[in-house]
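Values quoted throughout were computed directly from the atomic coordinates according to the rules given, and no laboratory measurement underlies them. Small disclaimer: the values here were computed from a predicted structure and weren't measured. So basically every Cβ, Gly included, is an ideal-geometry build from the backbone, and we count neighbours across all protein chains shown.
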Amino acid sequence: MTVPPEVIQALADIAAFFSMYAIVALALNLAYGYTGVPNFGLHMSILGGAAITGGLIGRILFGALWNDVSVRLMELGMDPAELDFVSNNAVIIDAINAVIATSPLLGIGILLMALLVAGLFGALLGYLLTLPAARLREEYLAMATLAIAEVFFNVLRFQRDIIGGTIGIQVVDPLAWLPQRFAVYPLVLLGAAAAVFLLIRRVVNAPLGRVLKSVRDDDVAASTMGHDVARMRELSMAVSGFIGGVAGALWAFYTLGINAINFNRVLWTFIPWLIVILGGTANNLGVVIGALVYIVIRRTIILFKDTLNPVLPFDVAWVEYLLIGSLLIAMLIFRPQGILPERPVKTLDRDEVERLREESRPSLHLDKDEVAAR
Amino acid sequence: MPIVDVQMALNAVTYSSIVALAATGLTTTFLTTKVPNFAQGSFMMVGAYTAIYVALKWGWSPYAALPLSALLGTAVGLAVYFLVIYPLRRRGANIMALMVATLAVSIVFIGVMNIVADVFESAGVRSRDIGLSFLDYRETVGPIVVRGVYVVTPVFAAAIVFALYILLNYTKIGIAFRATVENPELARVMGVNVDRVMAMSWALSGMLGAVSGTFLPVFLRIAHPNIGDDMLPTIFAASVVGGLQSIYGGFIGGYIVGLAETIVTRLLGEVIQGALVYRYVVSMAIFVAVLVFAPRGVIGLIREGGRKA
């Protein structure tokens, strides 16, 4: 039995969207749900990661693979030295992809490298957003983060030399050697989402997670207990930004072409906020469920598009915004804690605690060896 | 040719007046409810699409849409208050919950306005990527094209501020408004119906947003259903730069940010090649600088300066 290609395409699309929104919402949950930083500039880290992938990694590869790439370009009758990375983007990326297609190892190396660099850049951007945090109250900080992110967004949107401005640029395909990459890559995304989930669960269940929560609940009390509140916020936002940057890179490798306009505040900050509030702040599983609910609403509407659109005087796709917005308002009023509410802090089992206490208790009696030594 | 010519100044002042009106609306609700309203841009779209419908379907002047947009804007403002803000406040929601709720309202409006635009289109009213500037009165004086919107918008903005001044200083509801802003608990004790004042502030905010939005398609050559949302950061910037502590802050900030976006960008364009596209970068940079160095805005600076002296 063979599965029709459009079904695979649809499944791949669902998997990709779901993993992306799960990753991004988990990152936001770490910053807002656990640490209480109202980050309305999340799309900056995501765009930053995508821009690193498209603008920097592409250029580096153009230089690093110069010999192989220029041979292919010359075969096409072009002088590689004359080509501009942005203006002649399509041919250059095609040539690079042709080189990657011959070497899986190179492709995987590029993928990992891009994710790392994009993550680090995203972390830097996330850290940048916390700079005004010490001076501002929640609602002002929310506006400040939004404004900073909008500066970054507008520069990339209009500055042609970075990622092609309003036209956008193509992204190298690190899986060019894989014929079924369109079916396989969403699995990579799902794996990445699972990894992020486990990472964040590890962080928030560690003592560090309890410190972050204390910063969120009462920063004065937290600083009285000796915790550096500003450092904790910076750390949380940097980790959140790192994940955002990785998400941007992963998404760029999925779409294989980026344009700043597709990384706007509605898609990558406002919708993730809705998902986090919907799923449950400070509950990672809840946030993943929130992302799932969003995708289900979205796909259900797309499913009915063909039957309803000829009948209705408007495009059904817009109902998605209507539904998700109304759903969120209803949730805020009737169930503000979200689908899954926040759980109490996870601690070790009682037996475990007592065993550890027993082990770490200083012995009052000398061991036989020590007696002998005297 | 001088860098700043008359034509440009006219454009700049008109744009600033639109921003100032919308920002005054944002400030009004911030003063009473203490929440930055992410749906302020949505209120503008209500006005913009009323103007488009009135002008293209009924063939009236777009300015004739002003009373209708004011009415619709008031209704939308009240609807947002009674359906979203009031139930949340009654359940003791904090500022973050209220803020996310206004965010959700703006998301709902993305859907609603696009559906409205689609329905208009199928009713034969062109409503995507259409401006109404071709319907405006225009007079050519030498090299300058004077459009009706250059006169109507600033005059209207000034009239609104004057009306607000009268309302706040010489009417009972205005004094109740100021009392609520100053200290809600005390105002309640003194017999002010705080809920009614809040409802009024949301109605006023919806009206101001819709009115400023009415001028938008007349001023711009192209309007689309997300045009108000696109202006949201600018409106935030205007309110904060002017100062969120005073209702006139939005007005002052509107002109500072509006003029900065147009004239400063133009001046930068003379120095740096291709800086013209960075108008939002200029306003956002001012916004961030004000937030970090003087979060109380221009009005706050004036007041603090007065206190020290």
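If you consider only alpha-carbon coordinates, what radius of gyration and Dmax does the range A:191-245 have, in Å?
12.3, 40
Full-extension gain between B:Arg303 and B:Asp129, please, as 0.36 nm times their residue separation minus the C-alpha to C-alpha distance.
Working: separation 174, 0.36 × 174 = 62.64 nm, distance 4.36 nm.
Gain on stretching B:Arg303 to B:Asp129: 58.3 nm.
Collect residues whose amide H, placed 1.01 Å from N in the peptide plane, falls under 5 Å from the amide H of A:Gly257; neighbours closer than 5 in sequence don't count.
Excluding prolines and chain starts, which carry no amide H, the hits are A:Val171.
Where does the protein assembly as shown land on the Kirkwood hydrodynamic radius, alpha-carbon pairs, in angstrom? Walk me through the intermediate numbers first.
Details: mean 1/r = 0.0367 Å⁻¹.
Final number for the Kirkwood radius of the protein assembly as shown is 27.2 Å.
Between the range A:49-119 and the range B:129-202, how far is it from one alpha carbon centroid to the other, in angstrom?
Here the two parts' Cα centres lie 55 Å apart.
Highest GNM mean-square fluctuation, chain A, Cα pairs closer than 10 Å: which of A:Gln159, A:Gln337, A:Gln170?
Of the options given, A:Gln159 has the highest mean-square fluctuation.
With a Förster radius of 41 Å, plug the Cβ-Cβ distance of A:Asn309 and A:Ala221 into 1/(1 + (r/R0)^6) and report the FRET value to the nearest 0.05.
Working: r = 55 Å, r/R0 = 1.35.
Calculated value: 0.15.
Each label point is 7 Å from the Cα along the Cα-to-Cβ direction; what then is the distance between the points at B:Ile144 and B:Arg91, in nm?
So the label points at B:Ile144 and B:Arg91 sit 5.5 nm apart.
Among the chymotrypsin sites (Phe, Trp or Tyr not before Pro) in the range A:1-108, which ones are in a DSSP loop with at most 16 other Cβ atoms within 10 Å of the Cβ? Mind listing them?
Details: sites: A:Phe17, A:Phe18, A:Tyr21, A:Tyr32, A:Tyr34, A:Phe40, A:Phe62, A:Trp66, A:Phe85; in loops: A:Phe40, A:Phe85.
Of the chymotrypsin sites (Phe, Trp or Tyr not before Pro), the ones in loops of the range A:1-108 whose Cβ has at most 16 other Cβ atoms within 10 Å are A:Phe85.
Whole-Hz ³J(HN,Hα) for each residue in the range A:54-68, computed from phi via Karplus 6.51 cos²θ - 1.76 cosθ + 1.60 with θ = phi - 60°, x for glycine and proline: what do you get?
For the range A:54-68, the Karplus curve yields x, x, 8, 4, x, 5, 4, 5, 4, x, 5, 9, 3, 4, 5 Hz.
I need B:Met198, A:Met44, A:Met143, B:Met96 ordered by Cβ neighbour count within 10 Å, fewest first.
Numbers: B:Met198 21, A:Met44 32, A:Met143 27, B:Met96 17.
So the ranking, lowest neighbour count to highest, is B:Met96, B:Met198, A:Met143, A:Met44.
For the range B:74-155, which chymotrypsin sites (Phe, Trp or Tyr not before Pro) pass both filters: DSSP loop (anything but H, G, I, E, B) and at most 16 other C-beta atoms within 10 Å?
Details: sites: B:Tyr81, B:Phe82, B:Phe109, B:Phe120, B:Phe134, B:Tyr137, B:Tyr150; in loops: B:Tyr137.
Hits after loop and neighbour filter: B:Tyr137.
May I have the extent of the alpha carbons of the range A:5-263 along their three principal axes, as whole Å values ordered from largest to smallest?
69, 37, 30
Only four residue types carry charge here, +1 at the Cβ of Lys and Arg and -1 at the Cβ of Asp and Glu. Report the dipole size of chain A about the Cα centre in Debye, rounded to the nearest 20.
Magnitude of the dipole: close to 740 debye.
Report the residue, chosen from B:Met44, B:Met113, B:Met190, that carries the largest GNM mean-square fluctuation when chain B is represented by alpha-carbon nodes joined by springs under 10 Å.
Result for chain B, Cα springs under 10 Å: B:Met190 fluctuates most.
Under 29 Å between C-alpha atoms is the cut-off here; go through the protein assembly as shown and count lysine pairs that meet it, provided they're at least eight residues apart or on different chains. If you can, show how the numbers build up before the last one.
Numbers: A:Lys213/A:Lys346; A:Lys213/B:Lys34; A:Lys305/B:Lys57; B:Lys34/B:Lys172; B:Lys34/B:Lys308.
So the count of such lysine pairs works out to 5.
Using only Cα atoms, find the angle between the long axis of helix A:284-308 and the longest principal axis of chain A, and express it within 0 to 90 degrees, rounded to the nearest 10.
With rounding to tens, the tilt is 30 degrees.
Using a 10 angstrom cutoff on alpha carbons, build the Gaussian network for chain A and name the most mobile of A:Ala31, A:Ala249, A:Ala317.
Evaluated over chain A, the most mobile residue of the options is A:Ala317.
Taking a cut-off of 22 Å, what percent of all Cα-Cα pairs in the range A:115-196 are separated by more than that?
Details: 1709 of 3321 pairs.
Roughly 51 percent, once rounded to a whole number.
Using the Kirkwood radius over Cα pairs, work out the Stokes-Einstein diffusion coefficient for the range B:135-226 at 10 °C and 1.306 mPa s, in µm²/s as a whole number. Intermediate results must be reported in sequence, preceding the final value.
Details: Rh = 15.9 Å.
Translational diffusion coefficient: 100 µm²/s.
Project the alpha carbons of the range A:143-252 onto their principal axes and report the range along each, largest first, in whole Å.
Cα extents, longest axis first: 56, 34, 15 Å.
Once you put a point 7 Å from the Cα of B:Val189 and another 7 Å from the Cα of A:Arg335, both along the Cβ direction, what distance in nm separates them?
For B:Val189 paired with A:Arg335, the spin-label model returns 4.1 nm.
Could you compute Rg(Cα) / (2.2 N^0.38 Å) for chain B, with N its residue count?
Working: Rg = 19.4 Å, N = 309, 2.2 N^0.38 = 19.4 Å.
Against the empirical 2.2 N^0.38 Å value, I get 1.00 for chain B.
Quick one: in the range B:56-186, what % of C-alpha pairs are over 19 Å apart?
Values: 6043 of 8515 pairs.
Summing the P(r) tail past 19 Å for the range B:56-186 gives 71 percent.
Need one number: nm distance between label points at A:Ile108 and A:Glu358, each 7 Å from Cα along Cα→Cβ, rounded to one decimal.
4.6
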